[in-house]
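A short worksheet on the structure shown next.
The values are calculated or read from the model by the stated rules, or taken from the named source; none is laboratory data. Just so it is clear, the model here is predicted, and its values are computed rather than measured. Please note: Cβ atoms are built from the backbone with ideal geometry, for glycine as well, and neighbour counts cover all protein chains shown.
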Amino acid sequence: MSLIDSYGRRINYLRLSVTDRCNLRCRYCMPAKGAQMLPHHEILSFEDLLRVAEQAVAAGIRKIRVTGGEPLVRRGILPFLARLGRLPGLQELVLTTNGILLGEMARGLKDAGVQRLNISLDSLKPETFSRITRGGKLSDALSGIEAAEKAGFPPHKINVVLMRGVNDGEIMDFVELTRERPYNVRFIEYMPTHSGNWRAFSIPGSEVLERIAERYLIEKLAPGEHSGPASNFRVRGAQGSLGIISAMTGHFCGSCNRLRVTAAGMARGCLFSGDGVDLRPLLAAGDDTLLRQEIRNIVQAKPAGHEMKGRAAFPPASFHMSGIGG
Ligand code: SAM
Ligand code: SF4
């Protein structure tokens, strides 16, 4: 069974958010006071999340990324992941985390069947890390990353959201990191979550690449099975690699293969497509065939792209990434 949208794209990747809570408060993701949290009763139970995942896989999803908020703060996450990983037909179970709790949980995640980790790490300087995350400790994230390596995960993907004047001075430090370690460091264009002067912050991927190429000899890598939307490069002789994710300026949407479901059961075909479709009434009705049909309908209604270019007010409605899962 495959899920093909009305533009001929094969949708095989589900980003499943399990919580809107987080132990950090990243400036690009949440307001200072923290986003308005969902009341507990509005967050899908693990049973319902599993039903959504099961029907999505039955419809054609092959890869699930568990995200949040911070997925590792949700109590009971490890047994949930173990059940998710056993869904017949699911080929890849991966997770995105800020790494803070990996020190204590990496081994459990590996045992639960999580295959790979994406770890967000926006600075290698303790003060900048703390400023971006509003109080996070860099040492916790770094020891988490190390614990996950020891637990036997394949080389991590490290996600860096670049912001002009905040952490773009560290681009070369991250490049150096790939010379020493086998990580795939991915520079992500800052995405606006509310209308405003976000263009002042956002750094086009093309500029990042030019800045790196001025200093290093870089080789383009062939698109790999796990490269997703990133264009990947390697600095000659480096152990690891670099990725550029031009979420805003690039030709990203034409090959989009994703579907998103939030912790509150809202399914979205596109990050920027409004509130999405509420799956809770279908979950409450207990009819999984209808649930699967609704997933197909959402894929059919997936827009061609986010149509950001030329729009002064973008995004059309503000939201917090922590509530959707990135
Ligand atoms: N807490 C986990 C983490 O930070 O990795 C998972 C959830 S977080 C919302 C998922 C991803 O979204 C992270 O890699 C984060 O950097 C990214 N993200 C959040 N807000 C963003 C923004 N405004 N622009 C680009 N990426 C963003
Ligand atoms: Fe939390 Fe991740 Fe958002 Fe940072 S990016 S506030 S770690 S959900």
Q) Looking at PRO154, PRO79, which one is more than 23 Å from GLY228 (Cα to Cα) and surrounded by fewer than 21 Cβ atoms within 10 Å (Cβ to Cβ)? A) PRO79
(Q) Looking at ALA285, ALA301, ALA312, can you tell me which residue is at pLDDT below 80 and surrounded by fewer than 14 Cβ atoms within 10 Å (Cβ to Cβ)? (A) ALA312
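Does the range 210-267 hold any residues that are of a type in the set (A, V, I, L, M) and part of a strand (DSSP E or B), and which are they? Explain how you work it out, then say what you get.
The initial filter retains those residues of the range 210-267 that are of a type in the set (A, V, I, L, M), namely 212-213, 217-218, 221-222, 230, 235, 238, 242, 244-245, 247-248, 259, 261, 263-264, 266-267.
ILE218, VAL235, LEU242, ILE244, ILE245, LEU259, VAL261, MET266, ALA267, listed by residue number.
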Q: Give me a count of the residues in the range 169-189 that are crowded, with 16+ Cβ neighbours inside 10 Å, touching a helix residue (DSSP H, G or I) at 6+ places or on another chain (Cβ under 7 Å) and of a type outside the set (Val, Ile, Thr).
A: 3
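May I ask you to say which residue of ARG211, ARG164 is in contact with a Phe, Trp or Tyr (Cβ under 7 Å, 6 or more places away or on another chain) and either surrounded by fewer than 19 Cβ atoms within 10 Å (Cβ to Cβ) or without any contact (Cβ under 8 Å) to a residue 12 or more places away in the chain (or both)? Step through it out loud before you land on a result.
Working: ARG211 fails: in contact with a Phe, Trp or Tyr (Cβ under 7 Å, 6 or more places away or on another chain).
Residue meeting the stated conditions: ARG164.
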Q) Across the range 40-67, which residue is farthest from ASP288 (Cα to Cα) among those that are surrounded by 18 or more Cβ atoms within 10 Å (Cβ to Cβ) and among the polar types (S, T, N, Q)? A) THR67
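For the range 48-78, give me each residue that is β-branched (Val, Ile, Thr), over 15 Å from LEU283 (Cβ atoms) and more than 16 Å from ligand 1 (Cβ to nearest atom).
Applying the first criterion (β-branched (Val, Ile, Thr)) to the range 48-78 yields 52, 57, 61, 64, 66-67, 73, 77.
Now drop any that are not over 15 Å from LEU283 (Cβ atoms), which leaves 57, 61, 64, 66-67, 73, 77.
VAL57, ILE61 - these are the residues of the range 48-78 that are β-branched (Val, Ile, Thr), over 15 Å from LEU283 (Cβ atoms) and more than 16 Å from ligand 1 (Cβ to nearest atom).
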Q: Can you run down the residue pairs with Cβ atoms below 6 Å, 6 or more apart or on separate chains, where the first is in the range 249-271 and more than 19 Å from ASN297 (Cα to Cα) and the partner is in a loop (DSSP other than H, G, I, E, B) and among the polar types (S, T, N, Q)?
A: ALA263/THR19
Q.
What's the total number of residues in the range 20-47 that are over 23 Å from LEU138 (Cα atoms) and either within 16 Å of ligand 1 (Cβ to nearest atom) or touching a helix residue (DSSP H, G or I) at 6+ places or on another chain (Cβ under 6 Å) (or both)?
A. 5
**Q.** Matching entry among ALA230, ALA238, ALA247, ALA263 (being within 15 Å of the chain's Cα centre (by Cα), of a type outside the set (Phe, Trp, Tyr) and modelled with pLDDT of 95 or more)
**A.** ALA263
